[in-house]
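The values are calculated or read from the model by the stated rules, or taken from the named source; none is laboratory data. Predicted model, so just to flag it, every value in this text is computed and none were measured. Cβ placement follows ideal geometry from the backbone for every residue including glycine, while neighbour counts extend to all protein chains displayed. Just the protein is used for accessible areas: all its heavy atoms, side chains included, with ligands, DNA and RNA removed. Shrake-Rupley method; radii C 1.70, N 1.55, O 1.52, S 1.80 Å.
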Amino acid sequence: MPRQARVILLKQIKHDGRWIPAPALFDSKGRVRRDHVRVQGRDEAHPEGGYFIEWREEGRRVKQAAGPDAFAAAEAARHKQAELSAVKNGIIPAQPAAEPEPERTTVTDALNRYSEYIQYHRTLRTFRTYRPILASFKSFCTRNHIEDVDREDLLAFATHCMKQGHNGKTVYNKLVVLSQLLKRHGKPKVLNAADWPSFVETVRPIYEDSELTKLFKACAPMEEIRFKFYLMSGFRDAEGRFVTWRDVDFRHTAIRVTAKPHWGFRPKNWEERQVPVPQKLITLLEKFRPANAGPDEPLFPSATGKPDGAMLEKLKAVVWRGKLNCGHCAVSHKLEDGTVRINRCANGPFCGRWFLHKFRHTYATRHLQDGIDIRTLQQWMGHRDIASTMVYLKGVRNSDIQVRLNKGSLAAFA
């Protein structure tokens, strides 16, 4: 005769940062001890988590949620035990085998796995951006399983971020990361269109001719070629750092963006590209190239010969030396101990109006202004989505349109 299945009462608890099942404990009279479970042979109190009952049916394990209340869960276990006993003794017919519960993932495990995935499948910059977002949601979320996270949880998290002083764009980006996570667990489009926070779509700032003239005048020759390179190539910060002499096509006046596995660099969107540049930049590079420079050496090496990671600091130092700081802005930096340091540009090389990516903004806006079609510019800039290129249309100032405006009927009223 087959052995009668035994119903076990378990509780999902948090132990060493992970959610695990633990057997519920009972007193000498058979009454469940609320929140008390056995963990590695020890009696421990765990108020977090919920109960479930477990038994074997036709050789496989079956689980059934029993809720957060210990006494209701114990009663459910007794009822199930009585049902299985009645079926075994032929008092009631056997019930159809219960469908096994789908595999569930705790919120902690889901966030840890996604963080690990980003670390090894995305850039270091992306990982550093995603990691604090996932960590903050882990500490905020009260759900046990990622399958239970819903729209209300994301909205509550967004409200929590707003109360901490985060702006709409920052909260929007955090919700994008969490939506990507939920999509991986079979929950796409959790938020409605009206749920996403609003923010101002700003015009991309560019350097004016007068600013560039003053900047290059304040540069030493080695500094001047660096920043003219960024201006005329439209390269991202990392792309400029990792470009080597092999990437420069002196014959066809073009520069390539290629992967450098030995330095841990890969192009954004995993796509290499070739960008045509003015002949004047190629001429400058020919004069700038050291006589003993190898093809695989970086154009702009550090003191150790590796790609220079201090391009931004060098730019701000030139701006400070040339007295080009605006004198009004301040940049905050969060230190390792959690304190925030405020650097004011009136007191040092910290001006927020000067940054490397602004050369890229200037590159895109000026090319559109000069008549380069947007599809061609998309390829040059390495944008996967043309919408990323179209944002630069806002800053285009077309001289032909200005002539028409000046001759228009409305201008007469000025």
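Quick look at the values:
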{"quantity": "Hits in segment 39-60 - residues which are open to solvent by 60 Å² or more (accessible area, probe 1.4 Å) and either closer than 20 Å to ARG143 by Cβ or under 39 Å from the mean Cα position of the chain (by Cα) (or both)", "calculated": "GLN40, ALA45, PRO47"}
{"quantity": "Scan of segment 233-264 for residues that are surrounded by fewer than 22 Cβ atoms within 10 Å (Cβ to Cβ) and part of a loop (DSSP other than H, G, I, E, B), ordered by number", "calculated": "ARG236, PHE250, ARG251, HIS252, THR253, THR258, ALA259, GLY264"}
{"quantity": "Residue list for segment 364-377, restricted to those being open to solvent by 10 Å² or more (accessible area, probe 1.4 Å) and either touching a Ser or Thr at 6+ places or on another chain (Cβ under 8 Å) or of a type in the set (S, T, N, Q) (or both)", "calculated": "GLN369, ILE374, THR376"}
{"quantity": "Residue list for segment 265-287, restricted to those being open to solvent by less than 70 Å² (accessible area, probe 1.4 Å) and in contact with a Phe, Trp or Tyr (Cβ under 9 Å, 6 or more places away or on another chain)", "calculated": "PHE265, ARG273, VAL275, PRO276, VAL277, LEU281, ILE282, LEU284, LEU285"}
{"quantity": "In segment 66-123, residue farthest from ASP16 (Cα to Cα) [restricted to those that are modelled with pLDDT under 85 and acidic (Asp, Glu)]", "calculated": "GLU99"}
